[in-house]
Amino acid sequence: MRSIHFGSAMIDIITLVAPEDIERATFSNDGKAFLMLEAGRKVPAQSISTHVGGGACNTAVSLARRGWNADARAKVGDDLNAAAVRAHLKENAVSDRLIIGTEATGTAVMVASHDRNASIFVHRGANERMADADIPDLTGEDLIYVAPLSSASADCLPEITKRGRAAGAFVAVNAGIRHLTSRGAQVLNSLHTVDLISINRVEADAMVPLLAEKAVCLEPAIPDDAPELLARGLKAVGHEMGLVCFLRTLQATGPRWVLVTDGVEGAYLAGADGIWWHPSVQADVAGTAGAGDAFCSTLVAALVEGVAPEDALAQAAVSAASVVAYVDTTTGLLTRDQLAAAVAKSGGPQARPLA
C-alpha cells in the first residue's frame, strides 16, 4: 500500500519539568490549565531532548511501521534541522524525496509537567510556505493524508483533495484548529472530495457555527450512561449542536467517515452504517504530543485496508496509548504485529454503537 502525507516537519525540543518546580493554575469555568513560568528564573528540568515530529512525519512513520510505502511531503530549510528530519525519515523507512528545501525548518519547544499535556512554543518556518506547485503527481497512491496545515500552506487543501480524488485515492484530512478558524468555509467546500475528516473536541466546537444552519437531523434521545461528549454536545458562542446531529451534518457535506477524538474520553467514528464510540486505552503518560496523529493515521490505514470500523477503532486506541508512553511522537508507533498483540492484550474491540 502506498501513501503520501502532506503537513509539517518539525524539530521538537521537549522539556520535562517536575511538578514541584513549576506552578499550574486551573480555571474551573472553562477547564483550562496554565503552566506559570517565573520571569528571570532558571527552572530546573528533569530532561531536555530533541526529536523529529510534525504531522507529515509522524503519520508517514506510523504507516511505514505498519508496512506501507509512505512518503512525507513537507517543507524544510537548508539547515542542520532539515538534515535531522531526512535522517529520521530514512531511519524509519519513509521516503524523503518529496521534501522541498526552503526557508527555515520548523521548530517546536514543548514544556511538559503535571499531567504531561505539554505547552508548545512553535516556529513553523517553511511549513507555512507550501503552494499548489509543490503538489506532486498522486497517481498510484492508495491514500492521500493531509495533516494540519497553516497559513499559506492551508490554501493548498482544495487542490490536494481534488487531485487525490481524481487519482482514485482514499483522501483523509486532519483539520487543525488554525485552519478551521481562519478558513472554515474553505474546509467545508473541500469535503466533497474527502473520504474522512478527523477533528478533536475543540475543533468540533469551532465548527458548530459553520454547520448549525445546515443540520440534517434531530438529536436522538441520549442514554443515561452516555459518554461525556455525547451527553454534553458541542458548543460555540451562540450555537449548540448535539454530537450525533453534528456528525451526520458533517457527513452530509461529503465525507464517508467523520472522526471526533476526545483525548482520554475516547473517540467517535461516524460511517454510513452507524456511529461508534471507543474508550481510550489506559496508559502511563510520558507526553501527549503525537497521540492524535497516531490515532488518526492508524484508523485511516485500517479502514483503507478494509478493516471493520470497530476493529479500526481498537487499533487506533492502542496506537495512541503506545505513543503517549514516550515523550516524543514516534518512538511508540507500532508495527503491524505489535499492534495486533496490543489489541489482543487490551481485550479487543470495545466500540459501542451509538446510532
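In the condition set (1) modelled with pLDDT of 95 or more; (2) over 26 Å from ASN117 (Cα atoms), SER319 is compliant with all but (2). The lone criterion from (1) in contact with a Leu (Cβ under 6 Å, 6 or more places away or on another chain); (2) surrounded by fewer than 20 Cβ atoms within 10 Å (Cβ to Cβ) left unmet by TRP276 is number (2).
Do the conditions hold for ASP337, that is, is it modelled with pLDDT of 95 or more, surrounded by 22 or more Cβ atoms within 10 Å (Cβ to Cβ) and among the charged types (D, E, K, R)? In short, no.
Okay, residues lined up against (1) at pLDDT below 95; (2) buried (at least 24 other Cβ atoms within 10 Å of the Cβ):
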{"site": "ALA166", "(1), (2)": "no, no"}
{"site": "ALA169", "(1), (2)": "no, no"}
{"site": "ILE177", "(1), (2)": "yes, no"}
{"site": "LEU180", "(1), (2)": "yes, no"}
{"site": "GLY184", "(1), (2)": "yes, no"}
{"site": "HIS192", "(1), (2)": "no, no"}
{"site": "SER198", "(1), (2)": "no, yes"}
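Within region 296-355, the set of residues being in contact with a Phe, Trp or Tyr (Cβ under 6 Å, 6 or more places away or on another chain) and part of a loop (DSSP other than H, G, I, E, B) comprises GLY332, ALA351, LEU354.
Scanning region 31-52 turns up no residue that is on the phi < 0 side of the Ramachandran plot, open to solvent by less than 30 Å² (accessible area, probe 1.4 Å), modelled with pLDDT of 90 or more and not aliphatic (A, V, I, L, M). Among the residues of region 131-148, the ones that are closer than 10 Å to PHE6 by Cα, of a type in the set (A, V, I, L, M, F, W, C) and open to solvent by 10 Å² or more (accessible area, probe 1.4 Å) come to 1 in all. Mind listing whichever residues of region 53-81 are of a type in the set (A, V, I, L, M, F, W, C), surrounded by 23 or more Cβ atoms within 10 Å (Cβ to Cβ) and over 18 Å from the mean Cα position of the chain (by Cα)? Correct list: VAL76 only.
The values are calculated or read from the model by the stated rules, or taken from the named source; none is laboratory data. For clarity, every value in this text was computed on a predicted model and none was experimentally measured. Virtual Cβ from ideal backbone geometry, glycine too; neighbours counted across all protein chains shown. These accessible areas exclude ligands, DNA and RNA; they are computed on the full protein's heavy atoms, side chains included. Shrake-Rupley method; radii C 1.70, N 1.55, O 1.52, S 1.80 Å.
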